[in-house]
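Enquirer: For reference, the structure I am asking about is given below.
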Amino acid sequence: MKITTIGIWGGYPNKNEATSSFLLEHEGFRCLVDCGSGVLAAVQNYTELRDLDAAVISHYHPDHIADIGVLQHAAMVGMQLKEWKKPFPIYGHDRDSEMFQSLSYKGVTEGQVIDVSQKVQIGPWEVSFCETIHPVYCLALKFSAEGKSVVFTADTEWKDELVAFSKDADLLVSEANLYEKYVGIIKGHMSGSQAGQLAEQAGVKELWLTHLPQYGDIREILEAAQTSYTGKVQFAKIGYSSEI
Ligand SMILES: [Zn+2]
């Protein structure tokens with residue numbers, strides 16, 4: 001499968017960029033993972049919108065859903081032009097029923113429930129979930145196909161269960177929103193060393209860091225991850241694709 005980085009920022013996008021989001025492709029199927037601010041513009045660098053097949057949302061914070069509304073407008077225009085053939089599926093949990101219902105719009109997009117206890121088939125991937133520790137209910141996501149897997153932590157504090165969930169993944173895309181000095185002070189996120197620790201304990205083959213802060217020197221976050229993970233680690237790089 002192929003993964004492309006659309007955006008890397010937590011909270012809000014940097015100038016002309018997008019919040020943390022990724023495009024997964026396999027066997028001609030294209031799935032957008034999270035759809036926050038700036039994502040709809042940025043993803044068009046890599047695909048026509050009409051060639052997207054699904055979107056999966058980890059949780060209902062603006063930096064993960066802000067562009068759902070404009071995605072729905074794109075689907076509506078696409079349907080009017082008959083370029084989009086059928087309602088576009090947007091997968092999200094329904095613990096917040098109002099937000100889940102907002103994924104469905106005028107018959108052009110359709111909310112599809114994901115549940116932590118159930119694997120779901122999305123195109124060529126079997127997708128499974130792990131509840132994270134975050135101010136709102138949030139799911140880490142694991143996409144598996146043909147013996148390969150990519151895990152997205154989504155937004156979370158350190159949680160032991162994420163080690164088993166990420167076990168032996170070919171790629172771990174971990175949030176690393178915190179500088180080390182904020183661990184235990186700012187809740188709901190991990191630091192670089194914690195992302196590295198997760199990658200190390202899970203024995204993943206490669207680690208990408210995302211959901212980065214706009215302040216400070218983010219190289220410190222990468223260096224912190226390198227202190228706890230002995231494998232290959234880098235920032236998720238906007239526009240960079242990797243075959244897994
Ligand atoms: Zn969040």
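The values are calculated or read from the model by the stated rules, or taken from the named source; none is laboratory data. Note that the coordinates shown come from a computational prediction; the quantities given were computed from them, not determined experimentally. When we count neighbours, we look across all protein chains shown, and the Cβ atoms used for this are built from the backbone with ideal geometry, even at glycine.
Enquirer: Considering only region 201-230, how many residues are of a type in the set (K, R) and surrounded by 15 or more Cβ atoms within 10 Å (Cβ to Cβ)?
Expert: 1
Enquirer: Turning to a different aspect of this structure: Please enumerate the residues belonging to region 46-69 that are more than 16 Å from the ligand (Cβ to nearest atom), free of Cβ contacts under 8 Å to residues at least 60 places away in the same chain and within 23 Å of K2 (Cβ to Cβ).
Expert: Filtering region 46-69 for residues more than 16 Å from the ligand (Cβ to nearest atom) gives 46-55, 69.
Among the residues that remain, those that are also free of Cβ contacts under 8 Å to residues at least 60 places away in the same chain are: 47-52, 55, 69.
Of everything in region 46-69, those that are more than 16 Å from the ligand (Cβ to nearest atom), free of Cβ contacts under 8 Å to residues at least 60 places away in the same chain and within 23 Å of K2 (Cβ to Cβ) turn out to be T47, E48, L49, R50, D51, L52, A55.
Enquirer: Just checking, how many residues over region 193-229 are of a type outside the set (A, V, I, L, M, F, W, C) and assigned to a loop (DSSP other than H, G, I, E, B)?
Expert: Residues in region 193-229 being of a type outside the set (A, V, I, L, M, F, W, C) and assigned to a loop (DSSP other than H, G, I, E, B): 9 in total.
Enquirer: In addition: Would you tally the residues in region 1-37 being within 16 Å of the ligand (Cβ to nearest atom) and over 14 Å from the mean Cα position of the chain (by Cα)?
Expert: Number of matching residues: 2.
Enquirer: A follow-up question, please. The conditions are (1) among the acidic types (D, E); (2) without any contact (Cβ under 8 Å) to a residue 12 or more places away in the chain; (3) within 16 Å of the ligand (Cβ to nearest atom), and E175 fails exactly one of them. Which is it?
Expert: Going through (1) among the acidic types (D, E); (2) without any contact (Cβ under 8 Å) to a residue 12 or more places away in the chain; (3) within 16 Å of the ligand (Cβ to nearest atom) one by one, E175 breaks only (2).
Enquirer: Report whether or not L103 is within 17 Å of the chain's Cα centre (by Cα), part of a loop (DSSP other than H, G, I, E, B) and more than 16 Å from the ligand (Cβ to nearest atom). First the steps, then the outcome.
Expert: Working: within 17 Å of the chain's Cα centre (by Cα): yes; part of a loop (DSSP other than H, G, I, E, B): yes; more than 16 Å from the ligand (Cβ to nearest atom): yes.
Yes, satisfied.
Enquirer: Within region 179-192, work out how many residues are touching a helix residue (DSSP H, G or I) at 6+ places or on another chain (Cβ under 8 Å) and either over 22 Å from D63 (Cβ atoms) or not in a loop (DSSP other than H, G, I, E, B) (or both).
Expert: 3
Enquirer: Among the candidates D94, D115, which residue alone is more than 14 Å from the ligand (Cβ to nearest atom) and touching a helix residue (DSSP H, G or I) at 6+ places or on another chain (Cβ under 7 Å)?
Expert: Numbers: D115 fails: touching a helix residue (DSSP H, G or I) at 6+ places or on another chain (Cβ under 7 Å).
Exactly one of D94, D115 is more than 14 Å from the ligand (Cβ to nearest atom) and touching a helix residue (DSSP H, G or I) at 6+ places or on another chain (Cβ under 7 Å), namely D94.
Residue by residue, here is whether (1) in a helix (DSSP H, G or I); (2) modelled with pLDDT under 95; (3) within 30 Å of E157 (Cα to Cα) holds:
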residue: N14; (1), (2), (3): no, no, yes
residue: L23; (1), (2), (3): no, no, yes
residue: T47; (1), (2), (3): no, no, no
residue: V77; (1), (2), (3): yes, no, no
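Enquirer: Starting from residues that are acidic (D, E) and touching a strand residue (DSSP E or B) at 6+ places or on another chain (Cβ under 8 Å), keep the ones in region 38-97 and report whichever is farthest from S21 (Cα to Cα).
Expert: In this case the residue turns out to be D94.
Enquirer: Under 7 Å between Cβ atoms, which residue pairs at least 6 apart in sequence (or on different chains) link something in region 188-205 that is among the charged types (D, E, K, R) with a partner that is buried (at least 20 other Cβ atoms within 10 Å of the Cβ)?
Expert: From residues that are among the charged types (D, E, K, R), the pairs are E200/Y229; K205/L171.
Enquirer: Within 14 Å of the ligand (Cβ to nearest atom), touching a residue at least 60 places away in the same chain (Cβ under 8 Å), within 21 Å of G203 (Cα to Cα) and not in a strand (DSSP E or B): does that describe A140?
Expert: So A140 does not fit the description; no.
Enquirer: Say whether the condition of being at pLDDT 95 or above, within 25 Å of E17 (Cα to Cα) and surrounded by fewer than 18 Cβ atoms within 10 Å (Cβ to Cβ) is met by at least one residue in region 188-198.
Expert: Looking for residues that are at pLDDT 95 or above, within 25 Å of E17 (Cα to Cα) and surrounded by fewer than 18 Cβ atoms within 10 Å (Cβ to Cβ), one finds at least one in region 188-198, hence yes.
Enquirer: For region 134-193, which residues satisfy the criterion of being under 15 Å from G11 (Cα atoms) and among the aliphatic types (A, V, I, L, M)?
Expert: Scanning region 134-193 gives V136, A154, A176, L178, I186, M190.
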